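For reference, the structure is listed below as structure tokens.
Every number in this text was worked out from the coordinates using simple rules, so none of it is lab data. Only a predicted model underlies this, so the values are computations on that prediction, with no experimental measurement involved. Cβ atoms come from the backbone with ideal geometry, glycine included; neighbour counts cover every protein chain shown.
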Amino acid sequence: MTLNSPSQRGNSGSKDVHNDTDNRTQILQVMEKLAQIKDVHALLAEVLLQARRLTRADAGSIYLIENNVLNFSYIHNDTLFGAAEVNRYLYASHPLAIDNHSLAGYVASTGKPLLLDDAYHLAPGMPFTFNNSFDRLSGYRTHSILAAPLVTSSNKTVGVMQIINPLNEAQQPSTFTPGDLLLLKHFANNAAAAIERAILTREIIMRMIRMCELRDPKETGLHANRVGAYAAEVYHQWSLKQGISDDEIKQKKDSLRIAAMLHDLGKMAIPDRILQKPDRLNAEEFRIMQYHTIHGARLFRNQESDLDVLSAEIALNHHEKWDGTGYPGKIEDIYQDHPRLGQGKQGEEIPLAARIVALADVYDALVSQRVYKGAWSEITTLGYIKNQSGKRFDPQVVDAFLAIYDVITAIRDKYQEGRSPSSLVT
Ligand SMILES: [Fe+2]
Ligand SMILES: [Fe+2]
């Protein structure tokens, strides 16, 4: 086994070292792609994918630093599950201390990259141990590991990226080279700035949601995170079934997660006496409440981006029902002074993103405890959703939801009530 920094390994002139100009061009092209991604999850997925492409790595993961711990944030493993698949491992939670006990902790605390030829044979005296629990659970065999800190230009370490098992031409695991290490380090430095920007965007969104939470205690940051993640993954599964291209899925999923989180911002315009009423709303109160959809959509009046368009669509239509019995219905101009609620939209008249968020939002409300109701059991909730397929919900959306139910429950576990709001970034 070896554990070396690039300088220890002495790589200049090695045939393994990639051509510098080629690498720089490749990294620049990748950075252009990364600059277009808004959501931190979508960005981490792309960063990891590109780092693995550059080094031919079979697997990898990213940890982000939040509140002085490393939070497990993203994983790829081509042998176990394709990068294009929806999988529950993406929502696992493994916080690590930033210290010498773990490999990622060591890289974060020292700021030094690491190259291991074999994770199971560490050199004597290494301060950390390799945690093989993932290998034990999954049957995977980690060999070579390359880990690099994600450091921004202002010298702030925002996380650690580790990639695993480079594949040789025969698709067999080999070992990373010092050239790979230099490449990953360079790429990680560039990616860190994009990640920091995405975290900032996420923080601004979370602040907007917290403002809403001040008014309506049901609309918590955790609820928003769960609805965003359910919607993104259900969309992903639905799109795979439709044969939609990988690029289109990535692009839409990126915006959808954020837009879904903002579904109820319009509640800010609803009076407290209605929003915070513990009992059932009477007919007049409910009529006023229905306008949160219109108020929400109006927030995105100056539509500058795809994200604005999608956010408005979801805010306006997330209470429409597949069978046409939802609200606010067809309205000619939502910007007029006192728009009248219209005839409910039906079937595919309701935008897909809103059909997905409708299910995600209702599912989350049913399985959560609220002041006015206890949490429904899983069996009752799933029974209701199946029963409402083709009535309240789009049947294809219900099918996609049920097909990834293990992912849905992993998301619920990750963003469960009682967890600190600081862990909301990932
Ligand atoms: Fe709503
Ligand atoms: Fe909601």
field: Cα centroid of the stretch 287-357 to Cα centroid of the stretch 374-421, whole Å
entry: 23
query: Going toward the positive end of the dipole of the chain, with +1 on Lys and Arg Cβ and -1 on Asp and Glu Cβ, which of 116, 47, 260 do you reach last?
result: 260
task: Would you mind checking the tilt of helix 246-261 against the longest principal axis of the Cα atoms of the chain, expressed as 0 to 90 degrees and rounded to 10?
output: 50
- line: Note, the stretch 331-337: 3J(HN,Hα) by Karplus (6.51, -1.76, 1.60, θ = phi - 60°), whole Hz, Gly/Pro = x, goes 10, 5, 9, 6, 8, 5, 4
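Using +1 on the beta carbon of Lys and Arg, -1 on that of Asp and Glu, and nothing else charged, what's the dipole of the chain about the Cα centre, debye to 20?
So the dipole magnitude of the chain works out to roughly 680 debye.
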query: Tilt of helix 352-367 relative to the longest C-alpha principal axis of the chain, in degrees (0 to 90, nearest 10)?
result: 90
- line: Calculated from DSSP helices alone, with each H run of at least 4 adding -39500 (n - 2.57) and the total divided by the residues of the chain, [θ]222 nm to the nearest 500 comes to -15000 deg cm²/dmol
task: Throw me the Rg/Rh for the stretch 45-111, computed over C-alpha atoms with Kirkwood Rh, two decimals.
output: 0.99
statement: Output ordering of 206-215, 291-300 (per-residue mean of other Cβ within 10 Å, highest first) is 291-300, 206-215
message: Springs between alpha-carbon pairs under 10 angstrom, Gaussian network model over the chain: which of 123, 365, 353 fluctuates most?
response: 123
- prompt: What are the ³J(HN,Hα) values, in whole Hz, obtained from phi via the Karplus relation 6.51 cos²θ - 1.76 cosθ + 1.60 with θ = phi - 60°, for each residue of the stretch 343-351 in sequence order, with x given for Gly and Pro?
  reply: 5, x, 6, 10, x, 6, 5, 7, x
- prompt: Out of 157, 63, 134, whose Cα points farthest toward the positive end of the dipole of the stretch 20-197 (charges: +1 Lys, Arg; -1 Asp, Glu; placed on Cβ)?
  reply: 157
field: Nearest-ten-degree value, helix 378-387 long axis tilted from longest Cα axis of the chain
entry: 60
message: Going 7 Å from the Cα of residue 68 along its beta-carbon direction, which residues of the stretch 159-192 have the amide nitrogen within less than 19 Å of the resulting point?
response: 159-160
field: Gained length - residue 132 relative to residue 190, 0.36 nm times residue gap less alpha-carbon distance
entry: 17.9 nm
Per-residue HN-Hα couplings for the stretch 55-69 [Karplus 6.51, -1.76, 1.60; θ = phi - 60°; Hz; x = Gly/Pro]: 10, 6, 7, 6, 8, x, 8, 10, 10, 10, 8, 9, 6, 6, 10
statement: Stretched fully, the stretch from residue 277 through residue 343 gains (0.36 nm per residue minus C-alpha distance, one decimal, in nm) 21.0 nm
- prompt: Of the listed peptides 227-240, 99-112, what is their order by residue-averaged count of other C-beta atoms within 10 Å, with the highest listed first?
  reply: 227-240, 99-112
query: To the nearest 20 debye, what charge dipole does the stretch 216-425 have about its Cα centre, counting +1 at the Cβ of each Lys and Arg and -1 at the Cβ of each Asp and Glu?
result: 580
Sequence-distant residues sharing a close amide H with residue 74 (under 5 Å, placed H): 62
Sequence-separation-based contact order of the chain, relative, with Cα cut under 8 Å and 6+ spacing, percent: 16
- prompt: Of 368, 100, 303, whose Cα points farthest to the positive end of the dipole of the chain (charges on the beta-carbon: +1 Lys, Arg; -1 Asp, Glu; origin at the Cα centre)?
  reply: 368
